Amino acid sequence: MGGAGAGARVDATETAASFPDWSHLPLDPLLVVMAALEAPDLVRSAAACSSWRAAYATVRRLRIPTAESPPCLFYPRADDAAAGGGDPDAATIFNPATGASFRVRLPDPPLRRRSLHGSGHGWLVAADEASNLHLVNSLTGAQHALPPITGLHHTELAPSDEQGNPMYNLYEVEYPSTEPEPLAYAASELRLYMYFKAVLSCSPCAGSGCVVLLLHQSDGELSFARLGDEAWTRIGGDESYDGEVVEDEDWLLEGYRDAVYNEKDGLFYVLGYGADIITLDVKGNSPVVKKIMKDVTNQDDPTKYLVITPWGDLLQVWRMTDSRSSTTPVQQSAEGMENCEDSDVEVTQDPYHELYTEEIQLYKVDIDNQKLMRITSLGDYALFLGLNSTMILSTKDFPTLNSDSAYLAHDNFEDILIHTNSGKEIGIWNFRSGTLEVVDNVHSWQNWPVPIWITPSLC
């Protein structure tokens, strides 16, 4: 018996020796290992032990570049199987390239009581219950306040309602000669009506160098703010115009539906519902607007996106949707139900309602000839479409992503406003087959708030 015991001790020693103690890895090689990790894995590595946590803090402090992460789906409904549910600050980040997901917790106010209106560079643009916007890092929880909603040119505080809840007055002008009449909105309601989409020029880690372009009511007006500004600057007043003379009907510069920022020339490119395009230069004291593409349609129905490709082309993506009744009702979230009850907008609380994509069309923008050229393939590239800043990635760099595809998240403005608590589409559009693959292995994201694509980043 003694011999057997000795043998067991020798085996245990040999087993322990065969597995190195990674907690005692010197800092320099540990930093090399961490630099090779994608941002979500890097965050999780900090939980391994105290030495890894210290190395993670060093990576963040020195801003050591890490491996590029593929876009992930962020949805503020912690997966029941992974997190136990019930945490209003919890969210899930799902990687469609690997099928993996993990849970994150963000600071107050509770994420489930916010609405999402954009994302870029790993940061969310979220509105709180006072309808004020904040930038929130989806991994670290860092956040920055943007100018309040009353910092927009047509919004002011109004007397509280009978229950003492805060209210806003919104002044919308349809024609230059008319005097606007104020419309009263509950503070928690106005965010869904006001904000179309927010687009970032760069990471908020750049401080005042980060510009947020806001597409908002009335009907796609434009305003912008730099980090630290106290109010939004309206586009459509005294700024300079280059190129085509702005006609009387364009006096408000409205009707815009999407925007992207071009790092190469430092300009925002903004897409109108008529497929027209302007560039916006906000680097100087006064914004400069130039119209580079004329209107080619009077239809607002397809959701339109603008894409700047890695090879330098400008693309438009038109997403056609329709509604239907699902055979399976979505679970009604308490937060979504409260938004429905607080809203003066006619909201349809139909758990069977769903909006689905029936077709996506691709167009190359020909600026010289002022026309759109239909194309049918993206080749070895994939799009990510939704409330996020539109992304296009090479599937050679991320071979587990589907090539010649568009990864879709729900972003229809009217559907979100009217069917706040109904199902939200998540899917992958295949341009080769013209078919949609529904992503059905993500749990509890189906209604409120709307899921959104992000590229996880520590800064």
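The values are calculated or read from the model by the stated rules, or taken from the named source; none is laboratory data. If you're wondering where the values come from, they're calculated on a predicted model, not measured in any experiment. Positions of Cβ are backbone-derived with ideal geometry, glycine not excepted, and every protein chain shown enters the neighbour counts. Areas reflect the complete protein model, heavy atoms only, side chains present, ligands, DNA and RNA absent. Shrake-Rupley method; radii C 1.70, N 1.55, O 1.52, S 1.80 Å.
Annotations
- Mean shadow area of the range 177-233, taken as a quarter of the surface of its Cα convex hull (nm²): 5.2 nm²
- Long-range HN-HN contacts of K371 with modeled amide H, under 5 Å: D366
- Two-site FRET efficiency, E172 against K371, from Cβ-Cβ distance with R₀ of 25 Å, rounded to 0.05: 0.15
- With θ taken as phi - 60° and the Karplus curve 6.51 cos²θ - 1.76 cosθ + 1.60 applied, the whole-hertz 3J(HN,Hα) list for the range 109-121 is x, x, 4, 5, 9, 9, 10, 10, 9, x, 7, x, 6 Hz, x standing for glycine and proline.
- Residues of the range 103-157: accessible area per residue with a 1.4 Å probe, Å²: 31 Å²
- In this rough spin-label picture, where each label sits 7 Å from Cα along the Cβ direction, the E156-T327 distance is 5.6 nm.
- Shown in residue order for the range 161-169 are the 3J(HN,Hα) couplings computed by the Karplus curve 6.51 cos²θ - 1.76 cosθ + 1.60 at θ = phi - 60°: 6, 5, 8, x, 7, x, 9, 10, 9 Hz (x for Gly and Pro).
- Peptides 309-319, 447-457 ranked from most to least packed give 447-457, 309-319, packing being the mean of other C-beta atoms within 10 angstrom over each peptide's residues.
- Packing rank of 113-121, 398-406, where each peptide gets the mean count of other beta carbons within 10 Å, highest leading: 113-121, 398-406
- For F196, residues with placed amide H under 5 Å, excluding near neighbours: L215, H216, Q217
- The stretch between S51 and A100, if pulled fully straight at 0.36 nm per residue, gains 15.1 nm over its current Cα-Cα span.
- Under the Karplus curve 6.51 cos²θ - 1.76 cosθ + 1.60, θ = phi - 60°, whole-Hz ³J(HN,Hα) for the range 198-209, x wherever Gly or Pro sits: 10, 10, 9, 7, 6, 5, x, 4, 7, x, 5, x
- Hull volume per residue, based on the alpha-carbon atoms of the range 112-162 and their convex hull, is 96 Å³.
- Mean separation of Cα pairs under 8 Å and 6 or more residues apart, divided by the residue count, gives the range 372-459 a relative contact order of 27 percent.
- Residue ranges 286-299, 375-388 sort as 375-388, 286-299 when ordered by packing (mean number of other C-beta atoms within 10 Å per residue, highest first).
- The range 360-459 - convex hull of alpha carbons, volume per residue in Å³: 159 Å³
- The Rg/Rh ratio of the range 93-183, with both radii computed over alpha carbons and Rh defined as the Kirkwood radius, is 1.12.
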